[in-house]
Amino acid sequence: MSFATIFRNRQICSRFGKEISHDGEPSSKNYLDYVVGTKLIYATPISSFRMIAEPFNVEKLEASLSLLLDQLSEHDDEALKTTLNTILADFQPQPLMDHIAPLLFRTSEPSVTLSNNAALKIVGLLVSWNSSTYLKPASKAIKTEALRRMTSSEPITVSDELQGVMIQQLRGDDVEASSNAADAIVACSRKIGLTFGETAMRSIRDSWREALDQMEVDRMMSTTYSVRCASIFVALMSIGDAFHQRALSMGAGDLLLEMLQCDNDPLFQMSTLDLLELLACTLPMHHERAHWLFSNDVTAFLLRLAGGEGDGRPDPMLGGPALRVVAALCKLAHSDVSLLNQTDGDIMVGFHRALHNIEGTGEMDRLAMVDAISSFASASPVALERILQDPVTRKAWLSLSVAQPQLKAAILVSVSMVLNPTNQLDSNGDTIMISNALPSNSLGLKLYAFLGRDNNNETTALMIDLAKSPLTEVRLAAYALLEGISKQPTGAQVLLSHGHFFEFLVQREGETTMEGREAKYALVMAVFNSDVKVLLADDIVRKLDAYLKEGPHYAKPISWELATE
């Protein structure tokens, strides 16, 4: 319900005031009296006013706002209309709301002329009077101020009335305003904690449940609002374990699964899969969230959609999105392999079966396939071994024969990520090294060898050719993969055993871009710092050391004689 709807007539406003509750108890204050305090004032069309682009006059604005409050208390409708028209003519809507929004979040004191409740009255009056002009600016200003305070040391105070307005705004028809309200709720929850978030979650949960119950009555409204509520819960559940546990205790997990299993509305299910993917990808990952995502209730249905259970055929519409979620779940095992073993069945077998049954011929389908297979392969050494032993899945991942340049680069990068996983954030937001998913030396070399074999070439020769490609993205991907294999215990030794690799490694003339020179420098450093260094001839070590001392962007100077010819 938008501000305009709230204030459409006194009957709706009065009923809304009785419906706002906290901890299940009705508010004792009539909402209309709190926000407006007078009967509805009809808006004058904005086209009848000239918007003056003059410098923002704070004193003039505050005088007008004080006058509005006086006229509200006196129920002087004619004077109110005059003052509202003057404000509309003199002040741009967004700067006006940007000025008022900070007042909503401060602690009201007797010395403060315009309290937070008074500021809320003014916002409500302006929006109800002319929602087309003030609704979006008001919602944007409130969101911006909430986000600002969330990241600053400045305290934040949210009255029950302001919280009620933000929550009720989620029901509005204006998508932008509803999205702004959702962002503001999440920002306040992050700043204040569960004392704010729990009340918000309880109210949103009740509305979410009500919307799902109305599915047969008004499907469009029900699905739209359910996704909106679920999106907020996903954001709140990602804050930390305390929020996640409280959300689950309120039934948020059950409601998400109910949406996921709504078989008569595939688009609704697809939106829910997107939310689950977001829940799995938002960092830092927290313990309770990771374990809930790997619960039987979640994984069993995902595997069925992706083709990992039953007849092995993926759902024609939902198979791809479900597989993306599966891929995101696999990545969670990087830091906690035990996640793969917490379900009743063998989840790895189901994941692998789903990957084996992937279908699709287009570039986007192939890209999703590469991401899913490489994510599974990087989950644990056992998962990688399964892929390497399965020619169908392995070639679907590693084949470069029909790949366009961007896809070819994506395949190379995916292999490099398995060989050399990037660092992640732990539940405290600290950067941690990934060790659980690192392949053994033998597995890493086996993967590297299969890359060449499945493309009818010797791998290092293939990588040198790709590293000389005229396409920058392909060269960068090749450098990344070579760096990854160099960090395997005997990987650099395998590379240097190729007759032309050292010549390629120390040659600077072939790389023309700044990113490429830096990527190649990282490769040289990886080789120089590897275990193979003690086996190399002194002359080779000196050349590598000289390359590193010269830096990534060194250019051999042109002699004076050549420059003047």
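Observations on the model:
- Net length gained if the chain between E458 and E518 were fully extended (0.36 nm per residue, minus Cα distance): 19.0 nm
- Ligands, DNA and RNA are left out, and with a 1.4 angstrom probe the accessible area of the range 125-257 is 37 Å² per residue.
- 3J(HN,Hα) along the range 451-466: 4, x, 4, 6, 10, 6, 7, 7, 4, 5, 4, 4, 5, 5, 4, 5 Hz, from the Karplus curve 6.51 cos²θ - 1.76 cosθ + 1.60 with θ = phi - 60°, whole Hz, x for Gly and Pro.
- A simple spin-label model places the labels of S401 and Q94 5.5 nm from each other, with each point 7 Å out along Cα-to-Cβ.
- Ligands, DNA and RNA are left out, and with a 1.4 angstrom probe the accessible area of the range 509-554 is 58 Å² per residue.
- Over the range 485-565, relative contact order from alpha-carbon pairs under 8 Å, at least 6 apart, %: 34 percent
- Cα-based shape type of the range 244-359, given that a ≥ b ≥ c are square roots of the gyration tensor eigenvalues and the cut on a/c is 1.5: oblate
- Under 21 Å of direct C-alpha separation, and excluding same-chain neighbours fewer than eight residues apart, K556 reaches these lysines: K468, K520, K543.
- Apolar share of the accessible surface for the range 176-250: 49 percent from carbon plus sulfur atoms, 1.4 Å probe.
- On the beta carbon distance between S442 and M221, with R0 = 56 Å, the FRET formula returns roughly 0.45.
- A probe of 1.4 angstrom, applied to the heavy atoms of all protein chains, finds S159 with accessible area near 20 square angstrom.
- Taking 17 Å as the straight-line reach from the Cα of K395, the aspartates and glutamates in range (excluding those fewer than 8 positions away in the same chain) are E359, E363, D365, D371, E385, D454, E458.
- Summed residue charge, Cβ within 11 Å of L147's Cβ, Lys/Arg positive, Asp/Glu negative: +4
- Each residue of the range 518-531 was assigned a 3J(HN,Hα) from its phi angle through the Karplus curve 6.51 cos²θ - 1.76 cosθ + 1.60 (θ = phi - 60°); the sequence is 5, 5, 5, 4, 4, 5, 4, 5, 5, 5, 5, 8, 7, 5 Hz, with glycine and proline shown as x.
- Net charge of neighbours whose Cβ lies under 12 Å from the Cβ of V325, counting Lys and Arg as +1 and Asp and Glu as -1: -1
The values are calculated or read from the model by the stated rules, or taken from the named source; none is laboratory data. Values in this document were obtained by computation on a predicted structure and should not be read as measured data. Glycine gets a Cβ as well: all are built from the backbone with ideal geometry, and neighbour counts include every protein chain shown. We work out accessible area using only protein heavy atoms, side chains counted, and drop any ligands, DNA or RNA first. Shrake-Rupley method; radii C 1.70, N 1.55, O 1.52, S 1.80 Å.
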